[in-house]
Amino acid sequence: MTKLGARLCCYGVAASTAIRDRTAYAGNFSASMLTYGLFVFIFSRVWSGAYESQSTIAGYTRSMVVWYFIIAEITSFGFGRYFWNLARDVKSGQVAYLLARPYDFVGYHYAERVGGSFVDAAIILAEGLAIGLLLAGPLPAAVEGGSLMAGFGRAGLLALSLVLAGSLNFYLQFALALTAFWLEENDALYWIFQKFALIVGTLIPIEFLPEQAARAALWTPFPYLSYAPARIFVAFSWAEAGSLLARQAIWVVLAMLLARFVFALGSRRVALNGG
Amino acid sequence: MAAIVADRLSKAFTLRIRPKGRFSTLRGLFRPERRIVQAVKGASFSVNEGEVVAFLGPNGAGKSTTIKMLTGILQPSGGTASVLGLDPSRDRKRLAWSIGSVFGQKSQLWFHLPPADSFRLLGAIYELEPALLASRSGALIERFNIGELMDVPVRKLSLGQRIRCEIAASLLHAPKLLFLDEPTIGLDVVARKEIRALIEELNKSDGVTVFLTSHDMGDIEKICKRAIIIHHGEVVVDESMKALKHRALARKYLGVRYAKPVDMDLPGLLPIKRTELSARYEVDTNEHSLAAVVKALASRGELEDITIEDEPLENVIATIYASRSGAEASLFGEREARHD
């Protein structure tokens, strides 16, 4: 086996082990499924109220905005909780085991943690589609018409966009979590990150923000966590999807470099005194 | 050849201290006071290939910090270390191929999955070909007698079963050097005995160098040939178990029971414990001849029973631990050595 082959095999086994771990108990998913379902229901009611006197807001119909929320929340519920596990591993000293391995630390943990999240994301997506059909009606039509090509294109690019959103979420949360190498308490950083992610593109499409704020938001990574996949789903066009995916990919690369930089710096300053 | 060489290895941590007085919390936020804690102070020692060495010390002595520096997890503040010819602080990843580690209070096995899954993952991490992984797993499963546990979720294993699986997992990549940080902590007598036997066998049959920390004197006496004691971050004792045990031989515990009450006070030697018919003496053989003490006691009356015991190794080490500083502990060591 070549070095690259062995590494890819290791990442594959890491992802499949994480998936087995996630699926060890069906109950693992019940809390997030329940919360997600509740959120979608509450927001669909809120939007019903908001759309009572108008049929569109910033180009979105009620059905579009409910579908938007359903897809936008997949990143949070499916690819969401890396920070807590990573920060806990650093604070508890479990990182001693994780560091004493001959793998590429960032690459391995990406494979293990994002790989394991695919089950959560798939379950939440299936639940979202079911609830969406009940609460918001049929899927929103693609801007480019209802051709088979556009249908497959939308599904494929949505999947790609969700993977990129999950990757971006992982690298950003990884970089935040590893600040525990320096800080005794870094939860506040995650709290701030979470709130920005929620406001900029998750709760509402960024077109709903004031124009200046929406323009500024596009220069931050937050819209690419949830806005990009949701927008691709509710208003699919090849050109816009291509542009959003390209920008998502750039942010993933930047976030990966940031994560590697924080790890390189932090792992040389590990301060685990005590057993 | 030396498997481990530590040369004036030291590690300092900076702790934030909350200032005292009024508004201390607020002042602490803006002008925190810092205290440098010297966890390891210039520790120098070496371990030869194939040795089983006990690395001892009271809580907070710097044992785990030293192990973490030797495995490359922590960067030393000063001094150098060489492990299997590599500098752990620079070559952590390369070193990881040749060393194994078990931290008794942490786990490398996936909690909700059976050990077989963790073995498969570790095999992939250490890039073992499937056939090699299968043969190594098979051999370790047989040696550690864990065949029946391999498909049981780790959370359902007893602590002893889990530790057996942990050690087996750490050996999958056939490391030359094994760091065991309190591997028998929390285990019952039977499980401890099993783990000790396995470590001993591993060293004898495969020549694995073992660097062991433990608070269990049984582990140390049974498995290790040499002990390094670290105290307040300094190495205060580095000698063979034989020499360490010899320190204990200078002090004997002598117990007597008489048929009738007698005067049990001897000139210059009072009992440390007494009843109407029995007494227990602590005899420093450098000051009193044991034979003379026995003779004197026998002359006091009709003896029903007499017992002579060595001082437990635990007491010797406890005395070293009880020293207030590393220098004091060293002095204790020298003083004891002079008595020898």
message = Here is a check on your reading of the model: is A:P221 modelled with pLDDT of 95 or more, crowded, with 22+ Cβ neighbours inside 10 Å and not in a helix (DSSP H, G or I)?
response = yes
note = Among (1) in contact (Cβ under 8 Å) with a residue 60 or more places away in the chain; (2) within 14 Å of another protein chain (Cβ to nearest Cβ); (3) within 30 Å of A:L203 (Cβ to Cβ), A:A111 falls short only on (3)
query = Does region B:184-234 hold any residues that are out of contact with any helix residue (DSSP H, G or I) (no Cβ under 8 Å at 6 or more places or on another chain), among the small types (G, A, S) and at negative phi, and which are they?
reply = B:A197, B:S205
ask   = Does A:P229 satisfy the condition of being open to solvent by less than 20 Å² (accessible area, probe 1.4 Å) and touching a strand residue (DSSP E or B) at 6+ places or on another chain (Cβ under 7 Å)?
value = no
note = For helices (runs of 4 or more DSSP H) lying entirely in region B:38-154, having 2 or more residues that are surrounded by 19 or more Cβ atoms within 10 Å (Cβ to Cβ) and more than 8 Å from chain A (Cβ to nearest Cβ) picks out B:63-70, B:115-125, B:130-143
task = Run down B:G79, B:G60, B:G72 and say which single residue is small (G, A, S) and in contact (Cβ under 8 Å) with a residue 60 or more places away in the chain.
result = B:G79
query = Between a first residue in region A:249-272 that is over 30 Å from B:K11 (Cα atoms) and a second residue that is part of a loop (DSSP other than H, G, I, E, B) and at pLDDT 95 or above, which pairs have beta carbons less than 8 Å apart while being 6 or more apart in sequence or on different chains?
reply = A:W251/A:P221; A:L254/A:P221; A:A255/A:P221
request  = With the checklist (1) touching a residue at least 40 places away in the same chain (Cβ under 8 Å); (2) of a type outside the set (A, V, I, L, M, F, W, C); (3) out of contact with any Phe, Trp or Tyr (no Cβ under 6 Å at 6 or more places or on another chain) in hand, flag the one item A:Q194 doesn't pass.
outcome  = (1)
task = Filter region B:1-37 down to the residues that are in a strand (DSSP E or B) and of a type in the set (V, I, T), then identify the one that is nearest to the chain's Cα centre (by Cα).
result = B:I4
message = Considering only residues that are under 18 Å from B:K225 (Cβ atoms) and either of a type outside the set (D, E) or without any contact (Cβ under 8 Å) to a residue 60 or more places away in the chain (or both), which ones fall in region B:34-56?
response = B:F45, B:S46, B:V47, B:N48, B:G50, B:V52, B:V53, B:A54, B:F55, B:L56
task = Please find, within region B:158-182, the residue that is least open to solvent (accessible area, probe 1.4 Å) out of those that are touching a residue at least 40 places away in the same chain (Cβ under 8 Å), away from chain A (no Cβ under 13 Å) and in a loop (DSSP other than H, G, I, E, B).
result = B:L171
inquiry  = Go through region A:79-97 and report how many residues are open to solvent by less than 10 Å² (accessible area, probe 1.4 Å) and either touching a Gly at 6+ places or on another chain (Cβ under 7 Å) or acidic (D, E) (or both).
reply    = 1
query = Considering only region A:1-58, how many residues are more than 8 Å from chain B (Cβ to nearest Cβ), over 20 Å from A:V106 (Cα atoms) and out of contact with any Gly (no Cβ under 8 Å at 6 or more places or on another chain)?
reply = 33
task = For region B:256-279, indicate whether the set of residues that are closer than 23 Å to B:I199 by Cβ, without any contact (Cβ under 8 Å) to a residue 60 or more places away in the chain and among the hydroxyl-bearing types (S, T, Y) is non-empty.
result = no
inquiry  = Quick check on region A:123-142: of everything there that is in a loop (DSSP other than H, G, I, E, B) and under 17 Å from A:A159 (Cα atoms), which residue is most open to solvent (accessible area, probe 1.4 Å)?
reply    = A:L139
remark   = Checked against (1) in the same structural domain as B:V102 (by TED's automatic domain parsing); (2) buried (at least 21 other Cβ atoms within 10 Å of the Cβ), B:L244 satisfies every condition except (1)
task = Determine whether B:S158 is modelled with pLDDT of 95 or more and among the hydroxyl-bearing types (S, T, Y).
result = no
inquiry  = So, B:G186, is that one under 24 Å from the mean Cα position of the chain (by Cα) and open to solvent by 40 Å² or more (accessible area, probe 1.4 Å) or not?
reply    = yes
message = Suppose the filter is surrounded by 12 or more Cβ atoms within 10 Å (Cβ to Cβ) and over 34 Å from the mean Cα position of the chain (by Cα); does B:Y258 pass it?
response = yes
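The values are calculated or read from the model by the stated rules, or taken from the named source; none is laboratory data. Treat the numbers as computed from the prediction; the structure is a model and nothing was measured. A quick note on method: Cβ atoms are made from the backbone with ideal geometry, for glycine too, and the neighbour counts reach across all protein chains shown. Calculation scope for accessible area: heavy atoms of the full protein, side chains included, ligands and nucleic acids excluded. Shrake-Rupley method; radii C 1.70, N 1.55, O 1.52, S 1.80 Å.
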